[in-house]
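The values are calculated or read from the model by the stated rules, or taken from the named source; none is laboratory data. As the structure is a computational prediction, the values presented were derived from the model and not from experiment. Ideal geometry is used to build each Cβ from the backbone, glycine not excepted, and the neighbour counts take in all protein chains shown.
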Amino acid sequence: MQTEKVVNHIVDWLKNYATAANMSGFTIGISGGVDSAVTSALCARTGLRTLCVEMPIHQALSQVSRGQHHISSLKDQFANVTNVEVDLTPVFEQFKTAVPFIQENNNIELSLANTRARLRMTTLYYFAGLHKYLVAGTGNKVEDFGVGFYTKYGDGGVDLSPIADLMKSEVYEIGRFLKISDEILNAAPTDGLFGDSRSDEEQIGASYDELEWAMGMDRLGMNAEDYSGREHEVFNIFKRLNSANKHKMHPIPVCEIPVNLKN
């Protein structure tokens with residue numbers, strides 16, 4: 001990959017899109033992970049106003065500190081970068097008291113995790129509305145178009161996606177080029193939605209390198225039966241998640257009414 005040219009291309013794309021939309025800048029949720037770090041650094045390079053928003057909800061201190069260090073570094077480099085922290089923990093806890101909490105329901109943990117992501121999305125759009133900013137998505141290609149590893153109308157609710165055509169390995173490559181800190185580059189990827197340290201790999205059952213491989217083989221028309229051992233297992237994980245999460249990757253289905261029924 002021609003890293004510097006890709007970086008310049010994304011920065012130009014971001015700036016041109018915002019200018020054409022008559023918007024003043026970008027707002028990005030900072031998680032302490034590589035995707036949000038790279039996205040915010042790219043937005044900062046546009047010269048347009050870039051608001052980094054921290055939104056902890058029972059967040060692990062390691063994730064919070066990584067995010068804070070990254071924001072401080074960006075502010076030292078770019079005068080157009082500002083930040084704000086909104087502690088959503090009380091909002092989340094209040095939400096739990098307002099809805100039925102069915103402890104024995106197997107879906108409760110995931111449902112509450114997705115609720116965290118949707119509270120953050122709402123917060124980002126609050127600030128975007130105040131300042132005429134665009135909400136910049138932080139999803140990469142494997143997450144957004146491979147296994148659908150994001151929350152619908154949560155971290156998937158954005159105005160534009162600057163790194164969604166980059167594989168996770170390419171995001172890391174750009175991160176190194178942009179001099180993102182080693183503490184972020186070396187941290188295990190996590191969505192931080194469960195209030196513990198579980199990694200993306202632990203949730204998915206495969207690493208991003210493995211998923212990239214499976215995504216590439218799937219595009220070549222290969223099947224799980226073409227492999228054995230760990231490769232067979234990973235390919236099945238990829239296909240299962242890709243199929244289950246198609247509803248996130250495709251436009252909202254519209255029930256089209258036949259013309260003769262409207263006459």
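Which residue pairs have Cβ atoms closer than 7 Å, lie 6 or more positions apart in sequence or on different chains, and pair a first residue in segment 141-160 that is within 23 Å of residue 21 (Cβ to Cβ) with a second residue that is hydrophobic (A, V, I, L, M, F, W, C) and not in a helix (DSSP H, G or I)?
Pairs found: 144/164; 158/135; 158/136; 159/134; 159/135; 160/134; 160/136.
Which residue is farthest from residue 54 (Cα to Cα), if the candidates are limited to segment 195-214 and must be surrounded by 18 or more Cβ atoms within 10 Å (Cβ to Cβ), in contact with a helix residue (DSSP H, G or I) (Cβ under 6 Å, 6 or more places away or on another chain) and of a type outside the set (D, E, K, R)?
Among them, the one singled out is 214.
Out of everything in segment 166-188 that is crowded, with 20+ Cβ neighbours inside 10 Å and closer than 20 Å to residue 60 by Cβ, what residue ends up being modelled with the lowest pLDDT?
Once the filter is applied, the top-ranked residue is 184.
Every residue in segment 220-248 that is free of Cβ contacts under 8 Å to residues at least 12 places away in the same chain and either at positive phi or under 23 Å from the mean Cα position of the chain (by Cα) (or both), please.
Matches in segment 220-248: 221, 229, 240, 243.
Out of curiosity, is residue 162 part of a loop (DSSP other than H, G, I, E, B), at pLDDT 95 or above and of a type outside the set (A, V, I, L, M, F, W, C)? Spell out the reasoning first.
Numbers: part of a loop (DSSP other than H, G, I, E, B): yes; at pLDDT 95 or above: yes; of a type outside the set (A, V, I, L, M, F, W, C): yes.
When the stated conditions are applied, residue 162 passes them.
Please go through segment 17-49 and give me each residue that is under 18 Å from residue 175 (Cα atoms) and part of a strand (DSSP E or B), ordered by number. It would help to see each step written out before you state the result.
Filtering segment 17-49 down to residues under 18 Å from residue 175 (Cα atoms) leaves 28-46.
Result: 28, 29.
Inside segment 42-59, can you point out the residues that are of a type in the set (A, V, I, L, M) and more than 19 Å from the chain's Cα centre (by Cα)? Spell out the reasoning first.
Narrowing segment 42-59 to residues of a type in the set (A, V, I, L, M): 42, 44, 48, 51, 53, 55, 57.
Correct list: 48 only.
Taking residue 244, is it crowded, with 17+ Cβ neighbours inside 10 Å, under 30 Å from residue 192 (Cα atoms) and out of contact with any Gly (no Cβ under 6 Å at 6 or more places or on another chain)? Talk me through it step by step, then tell me what you get.
Numbers: crowded, with 17+ Cβ neighbours inside 10 Å: no; under 30 Å from residue 192 (Cα atoms): yes; out of contact with any Gly (no Cβ under 6 Å at 6 or more places or on another chain): yes.
No.
Can you give me the number of residues within segment 60-80 that are under 20 Å from the mean Cα position of the chain (by Cα) and farther than 19 Å from residue 185 by Cα?
So the answer is 0.
Do any helices (runs of 4 or more DSSP H) entirely within segment 58-159 hold 2 or more residues that are assigned by TED's automatic domain parsing to the domain that holds residue 185 and either crowded, with 20+ Cβ neighbours inside 10 Å or touching a Gly at 6+ places or on another chain (Cβ under 9 Å) (or both), and if so, which? Reasoning before the result, please.
On the way: elements: 61-77, 89-98, 108-131.
Ranges flagged: 61-77, 108-131.
So which of 21, 41 is touching a residue at least 40 places away in the same chain (Cβ under 8 Å), closer than 19 Å to residue 167 by Cα and assigned by TED's automatic domain parsing to the domain that holds residue 126? Before you say what the answer is, go through the steps one by one.
Working: 21 fails: closer than 19 Å to residue 167 by Cα.
The conditions single out 41.
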